[in-house]
1. Name the residue, out of ASP139, ASP192, ASP161, that is buried (at least 19 other Cβ atoms within 10 Å of the Cβ) and within 17 Å of the chain's Cα centre (by Cα).
2. Please give the number of the condition SER65 fails out of (1) under 23 Å from ASP192 (Cα atoms); (2) hydroxyl-bearing (Ser, Thr, Tyr); (3) over 21 Å from the mean Cα position of the chain (by Cα).
3. Can you name the residue in region 35-68 that is surrounded by fewer than 16 Cβ atoms within 10 Å (Cβ to Cβ) and in a helix (DSSP H, G or I) and, of all such residues, is modelled with the lowest pLDDT?
4. Return only the number of the condition from (1) within 30 Å of SER166 (Cβ to Cβ); (2) modelled with pLDDT of 50 or more; (3) of a type outside the set (A, V, I, L, M, F, W, C) that PRO32 does not satisfy.
5. Would you mind stating whether GLN44 is more than 25 Å from GLN117 (Cβ to Cβ), in contact (Cβ under 8 Å) with a residue 12 or more places away in the chain and out of contact with any Lys or Arg (no Cβ under 7 Å at 6 or more places or on another chain)?
6. Identify, by number, the condition in (1) in a loop (DSSP other than H, G, I, E, B); (2) surrounded by fewer than 18 Cβ atoms within 10 Å (Cβ to Cβ); (3) touching a helix residue (DSSP H, G or I) at 6+ places or on another chain (Cβ under 6 Å) that GLU205 doesn't meet.
7. Hey, can you tell me all the residues within region 162-209 that are without any contact (Cβ under 8 Å) to a residue 24 or more places away in the chain, within 16 Å of GLU144 (Cβ to Cβ) and among the hydrophobic types (A, V, I, L, M, F, W, C)?
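The values are calculated or read from the model by the stated rules, or taken from the named source; none is laboratory data. What you are looking at is a predicted structure, and each value in this text was computed from that prediction instead of being measured. We place every Cβ from the backbone using ideal geometry, glycine too, and count neighbours over all the protein chains shown.
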Amino acid sequence: MRDKAFPAKTRRRVEALAVTLALGLAGCAAGPSESGPSLAPIWQEQFDQALADDGLSDFERQVLSDYQVTEAEYQEARDRYRSCMADQGWLVTDQSDGGYSIVSAPGNTQDPPPPPQVHNGCMTGSTAWIEPLYLGPRDNPSGETRVQQIRACFQAHDVPDGAGLSDDQFAEMLYDINYHPSTPQGKLCLFDPTGSEGMTVEQAEAMDANNNVARGTINEDGTITVEYRDGSNMTVTPVLVDG
């Protein structure tokens, strides 16, 4: 077994940022929900969208049908993801910060990270919908978009980037593959605007320097293809946000 660990949480953060910004530019939203606990409208819309997905697994539909995801349900989704990855030759280990690391299983001669199609395929039916619909309402109960969170963080920490831009222009600035925040605090705001990830400035600077995501493209079927600068790509079924 190769002992080179792949810090999956880092790549997941960058993928999530690309997907969120792509959707923010598209201004997507779903219809009203039929039931569920008290949620910010954006989370109700996202539960609606998930439940309208014909490809939803029985497990996902059972978890999401009451418009909330419990800690136990979230952990079961992660267990299913780990089991799927193990079947594909990858060992996934949870870490204390909520992320996970991935190493090659015995007999697997590939170095991490796993191919995007393996990672994405194992997310489908397990964590693809459940993880964002657990973490989102938990970490952002008011339902602010990622772009709004980043802008508020910039303002709170005197980051000058995009100060005179409209909301749409600000989102486009963030989505530009050549954009890098002008200050260390700005880099932290970009990757962890609310502090819920527990990132440090040093970690954010490293992520900004090594960001391999080139762009996220919305496809006709509503999925998003995240393209990497190394030529690889992965297609995900996103949770839509109101841009």
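1. ASP192
2. Checking SER65 against (1) under 23 Å from ASP192 (Cα atoms); (2) hydroxyl-bearing (Ser, Thr, Tyr); (3) over 21 Å from the mean Cα position of the chain (by Cα), the one that fails is (1).
3. Residue satisfying both the conditions and the ranking: PRO41.
4. Exception for PRO32: condition (2).
5. yes
6. Condition not satisfied by GLU205: (1).
7. Within region 162-209, just PHE170 meets the criteria.
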